[in-house]
Amino acid sequence: MLTALTLLLLSGCAHRQFSDDNWPSNMPPRAYFVKTYEADEANRAIQSEQEYLTWILRFYQGWELYKRGWVKMTDELLTQVDDPSQAKEVKYKVERIGRLVSGEWAKKSNTRTIYLRHVSVWGNALLESLDRDEALPLINRINQDVDDLLAHRISKDVITADRYYPQDPDNPFL
């Protein structure tokens, strides 16, 4: 049933043509992602540009199976930062994470390094960092982990919730 639903959702988005004219202005430029897509020959051989860009949009805007997109996550983080200079730094670093993660996450599963579970771990940790007033240190750590993961300096298996915050028996989401 889930497979059928996923295929139906994918097919509904597969026919949408993306251009600079209809690309959302609250996301990095479409050209950035087209360049990222074109740079990965292995993924290009098994995924169309349109499918790749569909997953980019889902990452940023959310979709039926995961409502919170990166745009909403970024906005939530920024509303919690009072210092304008720190807000500028947080925005820059979170946008960097978004570009790097989405560009990899949108690829077909057998060619990528970053998976939905990583995105979920990072998103939950970022939300937790707000409660602990530790957003910027965590953002710096995630940036480093993203760099290390993409450069294959760390294994994808080390990205777990307890890497960022110890498990809390009172909070099953950590």
Quiz item: Once phi is turned into ³J(HN,Hα) by the Karplus curve 6.51 cos²θ - 1.76 cosθ + 1.60 with θ = phi - 60°, what whole-Hz value does each residue of segment 81-95 show in order, with x for glycine and proline?
Solution: 9, 7, 6, x, 6, 5, 4, 5, 5, 4, 4, 4, 6, 5, 5
Practice problem: Taking every pair of alpha-carbon atoms in the chain, give the share separated by more than 26 Å as a whole percent. | Solution: 31 percent
Quiz item: In whole percent, what relative contact order does the chain give with Cα contacts below 8 Å and a gap of six or more residues?
Solution: 17 percent
Quiz item: Hey, got the dipole for the chain? About the Cα centre, +1 on K and R Cβ, -1 on D and E Cβ, debye to the nearest 20?
Solution: 540 debye
Quiz item: Rounded to the nearest 500, what is the chain's calculated 222 nm mean residue ellipticity when only DSSP H runs of at least 4 contribute -39500 (n - 2.57) each, over all residues?
Solution: -19500 deg cm²/dmol
Practice problem: Would you work out which of Trp63, His118, Ala87 lies farthest towards the positive end of the dipole of the chain? Charges go on Cβ: Lys and Arg +1, Asp and Glu -1. | Solution: Trp63
Self-check item: Cα→Cβ-extended label distance, 7 Å offset, between Ala31 and Ser120, nm
Solution: 3.7 nm
Self-check item: Gain in span if fully extended, Ala39 to Ser85, counting 0.36 nm per residue against the direct Cα distance
Solution: 13.1 nm
Practice problem: Using only Cα atoms, locate the centre of segment 90-114 and the centre of segment 145-164, then give the distance between them in Å, rounded to an integer. | Solution: 13 Å
Practice problem: Provide the per residue accessible area, probe 1.4 Å, for the chain, rounded to a whole number of square angstrom. | Solution: 56 Å²
Self-check item: Förster-model FRET efficiency, 22 Å R0, Tyr92 and Leu65, C-beta, rounded to 0.05
Solution: 0.15
Practice problem: Leaving ligands, DNA and RNA out of it, report the carbon-plus-sulfur percent of the accessible area of the chain at a 1.4 Å probe. | Solution: 53 percent
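The values are calculated or read from the model by the stated rules, or taken from the named source; none is laboratory data. Here the structure is a predicted model, which is why all the values come from computation and not from measurement. Virtual Cβ from ideal backbone geometry, glycine too; neighbours counted across all protein chains shown. SASA here: full protein model, heavy atoms, side chains in, ligands and nucleic acids out. Shrake-Rupley method; radii C 1.70, N 1.55, O 1.52, S 1.80 Å.
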